[in-house]
Amino acid sequence: MTILTFFTVVNFNSYADTDDVYKWTWEGGTKSLTVGYTTDLKSEGTNISTGAKYWNGIDNNVSISGVYYDNNTSHIKVQIGDQLDENTIAFASLYNKNWLGGYNKENMSTFTGTADYCTVTICTTSYNNFNDLWKKAIICHEVGHCLALDHPSPAVYANMFPIVNTNYATTPVTHDIDNLKAKW
Amino acid sequence: MKSKIFKIVFLCSFCLVLTFIIIDKSYVTKSTMSTQMINYASNFQELEDVADVIVKAKVLNGKQNIITTKDEFGNDLFGFTKTKIEVLDSFKGNAKIKDTLTISEGYFSRDLTVGKEIITLSNYKPAKVGKEYIFYLVKHKIDKEVFKDSYFLPNYTKGKYPVIYKKTDNSSTPILQTNATELNAEELEINESREADGLSLEEYKNDYYDKVVEKYLKK
């Protein structure tokens, strides 16, 4: 009984530190997600595939089951957003199917329902300034949003840190891993 | 007959209210867009170096909402706000006093079925019309008409610093605040959580705001 209480307390504290996750989940309880990328990102296939799959093997309940070229039926679509401004590298957007069969763009941070679709938009000029190591990290970060992970607050060393500087990890690290486990 | 009239009146009233709600865009919701950002400057000196222009300026009326990208479903996906500022003092670059500069700010609004949504990029706090700021600006290099002859803030939360005037007990007119100790996040127009920057409020004051005040406002 004492041991059980001890572990309950430890787990509670551990999760209390890792609450940078969104409240929404995927439609139908889906936890095996696919990623598709558009034809204009053909040359980025390896970076997209590797970056997205950095999240695999962390938690048995959620995974990126496949990354596909020119596939419109994936849960997550990676696309080019041209150059949107000179600060942004990439961002993710969340969609929920409405009763008319169309898609509503939801506020990822506040949405509490189930998601049907997610897009990752890459701003090419900014993105192309980075080498493959960082490109994979950028994809990993955006796919992380599609796995319901938010930016860390307060800031810590993490792949989910939003500015590419010394706080930014190129692959999931403790904070990201704890959050993914806590969420799923 | 009475019941039929009642139903018609009720339906008409309902349609009228619905139309009013849909047309009325005064209902505003706010949200933050989690974007991955380029790091142009890691400290105050780098911010000074990267800026093409450093000015004290007043924000003018007539902010313009620009949508640059729509998604496959026709939703407004990304944009910014085009803002004009009048130069009051110039510290770096070619801008002269009374020049008008155009800057792009990291927020935009999109129409919703009911009202509109103001979306800020990574917790950016929009510059307020009529207010004075010290701006660090970089000339846009993107070859697009919409960015022509305009500037952007190299960092959404460290690219502008409000010039704060406050009334005191001894003075009837507001006095320039050069001591940041007493200022809170709201007055400094930064997000309290500092989520996107990795600095606490005190670090922000020490590492950035105090240095800006010392260099450009204590004259």
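Readers should treat all values here as calculations from the given coordinates under stated rules, not as data from a laboratory. In this text, all values refer to a predicted model and were calculated from it rather than measured experimentally. So basically every Cβ, Gly included, is an ideal-geometry build from the backbone, and we count neighbours across all protein chains shown.
For chain A, the longest principal axis of the Cα atoms and the long axis of helix A:132-146 meet at an angle of about 60 degrees. Taking 4.7 Å between beta carbons as the limit, the unpaired Cys residues of chain A are A:Cys123, A:Cys140. Normalising the average separation of contacting C-alpha pairs (under 8 angstrom, six or more residues apart) by the number of residues puts the relative contact order of chain A at 26 percent.
Counting every alpha-carbon pair across the stretch A:33-174, the share separated by more than 20 Å comes to 45%. Note that chain B shows a convex hull volume over its alpha carbon atoms of 191 Å³ per residue.
Against chain B, whose longest principal axis is taken from its Cα atoms, helix B:2-23 shows a tilt of about 20°.
Neighbour counting of Cβ atoms within 10 Å sorts the residues A:Phe91, B:Phe14, A:Phe111, B:Phe91, fewest neighbours leading, into B:Phe14, B:Phe91, A:Phe111, A:Phe91. Modelled this way, with points 7 Å down the Cα-to-C-beta line, the labels at B:Asn184 and B:Glu86 are 3.2 nm from one another. Here, the stretch B:135-219 yields an orientationally averaged convex hull projection of 7.5 nm² when only Cα atoms define the hull. Measuring between alpha carbons in the structure, the pairs from B:Lys125/B:Lys148; A:Lys97/B:Lys160; B:Lys63/B:Lys205 lying more than 32 angstrom apart are A:Lys97/B:Lys160.
Sorted fewest first by neighbouring Cβ atoms within 10 angstrom, B:Val114, A:Val78 come out as B:Val114, A:Val78.
Taking Lys and Arg as +1 and Asp and Glu as -1, the other residues whose beta-carbon sits under 14 Å from that of B:Glu182 total -2. Each of B:Leu77, B:Leu176 was scored by other Cβ atoms within 10 Å of its Cβ. Listed from fewest to most, they are B:Leu176, B:Leu77.
Whole-Hz Karplus values for the stretch A:94-111 come out as 10, 10, 10, 6, 9, 5, 8, x, x, 10, 9, 7, 9, 7, 4, 6, 10, 5 Hz, taken residue by residue from phi with 6.51 cos²θ - 1.76 cosθ + 1.60 and θ = phi - 60°; glycine and proline positions read x. Near the amide H of B:Leu88, within less than 5 Å, lie the amide hydrogens of B:Lys56, B:Ala57, B:Lys58, B:Lys98, all on another chain or at least 5 residues away, with H placed in the peptide plane.
Using a cutoff of 8 angstrom between alpha carbon atoms and counting only pairs six or more residues apart, the relative contact order for chain B works out to 19 percent. Summing +1 for each Lys or Arg and -1 for each Asp or Glu, what net charge is found among the other residues whose Cβ lies under 9 Å from the Cβ of B:Phe80? Summing Lys and Arg as +1 and Asp and Glu as -1 gives -1. For B:Tyr216, neighbours were defined as the other residues whose beta-carbon sits under 13 Å from its Cβ, and their charges (Lys and Arg +1, Asp and Glu -1) total +2. Calculated mean residue ellipticity at 222 nm for chain B: -5000 deg cm²/dmol, from DSSP H runs with n ≥ 4 weighted as -39500 (n - 2.57), summed, divided by the residue count and rounded to 500.
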